[in-house]
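Undergrad: Structure incoming, see below.
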Amino acid sequence: MGYGIGQNYERVKGRLDGRIRFHYLADKKWEHTEILEYDGIPVIRLQELKQLKHVLVVLFPKFSAVRDVIKRELAEADAEICYIHELFTAEHSVRSDELIQRLPVTEYCDEFHNRIIFDETIPKNIRVCFLGQNNVIEIGNNLSVNRLDIYLGNNSLCKIGNRTSVVQAACWVSDAELKIGEGWDIKRFCLPEPI
């Protein structure tokens, strides 16, 4: 069963299809409501959960302090407890030095339709952290980068123009478009189809 249904659940649930199936969902906010299901999955209350035997409880809250509170609440339950990202890694980073090792291939693509398009002049100090799916980053040529960290949520487009200089920057983009540097030929670029 899944417990702690909030932002982190909403962010990763699309990736869980076919990999993890929940028989129940639970959240403290539903304890005193008439809600019987969420996302087509039956909702269970804490007292009902404590009566179940041999339950695997998958916690969704991102912050360890919140997970610790839930673990204390479930102390009496016959349950094994784990965090969703222990079962399924949603976030991952790609460093430009890893991309350089892939040359002459100049495109990276993962199972979540996240793409990085680059060329042989990509500098070594770029890190792209994918937090979601359907993201594209296009890195221009002949950049000068001391350090650049790019965090992409879902359905994002990030373009770094040719000959752009970056001393130190961190960018967060989700459901949006970010362009840094000089002009782009939009016709040669297209977002992937949502999965």
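The numbers here are math on the coordinates, done by the rules we state, and not lab data. This one's a predicted model, so the numbers in the text were calculated from it and none came from an experiment. Cβ coordinates were reconstructed from backbone atoms using ideal geometry, including for glycine residues, and neighbour counts include every protein chain displayed.
Undergrad: Which Cα, out of Ile81, Trp30, Ile20, lies furthest along the positive dipole direction of region 17-109 (beta carbon charges, K/R +1, D/E -1)?
TA: Ile81
Undergrad: What is the dipole size for region 89-185, taken about its Cα centre, with +1 at each Lys and Arg Cβ and -1 at each Asp and Glu Cβ, in debye to the nearest 20?
TA: Taking the Cα centre of region 89-185 as origin, the dipole is about 300 debye.
Undergrad: Hey, with R₀ at 41 Å, roughly what FRET efficiency would Gln51 and Glu91 work out to, going by the Cβ-Cβ distance, to 0.05?
TA: Computed FRET efficiency for Gln51 and Glu91: 0.75.
Undergrad: Another one. Can you tell which of Ile122, Leu56, Val105 lies farthest toward the positive end of the dipole of the chain, using +1 and -1 charges on the Cβ of basic and acidic side chains (Lys, Arg; Asp, Glu)?
TA: So the residue we want is Ile122.
Undergrad: When only Cα pairs under 8 Å and 6 or more residues apart are kept, what is the percent relative contact order across region 8-144?
TA: Over region 8-144, the number comes to 18 percent.
Undergrad: Counting each DSSP H run of 4 or more residues in the chain as -39500 (n - 2.57), what helix-only mean residue ellipticity at 222 nm follows after dividing by all residues, to the nearest 500 deg cm²/dmol?
TA: -5000 deg cm²/dmol
Undergrad: Highest mean first, how do 172-178, 55-61, 31-37 rank when packing is the count of other Cβ atoms within 10 Å averaged over residues?
TA: Per-residue mean Cβ counts within 10 Å order the peptides as 55-61, 172-178, 31-37.
Undergrad: Choose one answer from Gly132, Gly153, Gly14: the residue with the largest mean-square fluctuation in a GNM of the chain with alpha-carbon springs under 10 Å.
TA: Gly14
Undergrad: Let me ask something else about it. What residue among Gln7, Thr164, Leu152 has its Cα farthest toward the positive end of the dipole of the chain, where the charges are +1 on Lys, Arg and -1 on Asp, Glu, each on the Cβ?
TA: Ranked along the dipole, the leading option is Thr164.
Undergrad: Moving on. Name the trypsin sites (Lys or Arg not before Pro) in region 120-187 that are in a loop by DSSP and that have at most 15 other C-beta atoms within 10 Å, would you?
TA: For trypsin sites (Lys or Arg not before Pro) across region 120-187 that sit outside H, G, I, E and B with at most 15 neighbouring Cβ atoms in 10 Å, the list reads Lys124, Arg147, Arg163.
Undergrad: Of the residues Glu48, Glu80, Glu91, which exhibits the maximal mean-square fluctuation in a Gaussian network model of the chain defined by a 10 Å Cα contact cut-off?
TA: Checking each option, the largest mean-square fluctuation is seen for Glu48.
Undergrad: Match the structure shown to one of the listed values [x] 16.0; [y] 17.9; [z] 19.0 of Kirkwood radius over Cα pairs in Å, computed from it, and give that label.
TA: [z]
Undergrad: Still on this structure: For region 9-74, what class follows from the C-alpha gyration tensor (a ≥ b ≥ c being the square roots of its eigenvalues): rounded when a/c is under 1.5, otherwise prolate if a/b is larger than b/c, else oblate?
TA: rounded
Undergrad: Here's something else I'd like to know. For helix 7-16, report the angle its Cα long axis makes with the longest principal axis of the Cα atoms of the chain; keep it between 0 and 90° and round to the nearest 10°.
TA: 80
Undergrad: A further question on this structure: Could you give the length gained by full extension between Glu10 and Asn142, i.e. 0.36 nm per residue of separation minus their alpha carbon distance, to one decimal place?
TA: Here the answer is 43.7 nm.
Undergrad: Counting only the backbone N, which residues of region 9-29 are under 16 Å from the spot 7 Å out from the Cα of Glu80 toward its beta-carbon?
TA: Taking a point 7 Å out along Cα→Cβ of Glu80, the residues of region 9-29 whose backbone N falls under 16 Å are 20-23.
Undergrad: Hey, another quick one. Pick out, in residue order, every one of the chymotrypsin sites (Phe, Trp or Tyr not before Pro) in region 52-100 that is DSSP loop and has at most 16 other C-beta atoms within 10 Å; say none if there are none.
TA: Phe63, Phe88
Undergrad: How big is the dipole moment of region 85-137 about its Cα centre under a simple scheme where the beta carbon of each Lys and Arg is +1, that of each Asp and Glu is -1, and everything else is neutral? Debye, nearest 20, please.
TA: The dipole of region 85-137 has a size of about 160 debye.
Undergrad: What size of dipole, in debye to the nearest 20, comes out for the chain about its Cα centre when the only charges are +1 on Lys and Arg C-beta atoms and -1 on Asp and Glu C-beta atoms?
TA: It comes to approximately 340 debye.
Undergrad: Turning to a different aspect of this structure: Considering Cα pairs under 8 angstrom that are at least six residues apart, work out the relative contact order of region 86-160 and quote it in whole percent.
TA: Reported relative contact order: 30 percent.
Undergrad: Of all DSSP beta bridges located in region 84-158, what percent are antiparallel, nearest 5?
TA: 40
Undergrad: Please report the antiparallel percentage of the DSSP beta bridges confined to the chain, to the nearest 5.
TA: 20
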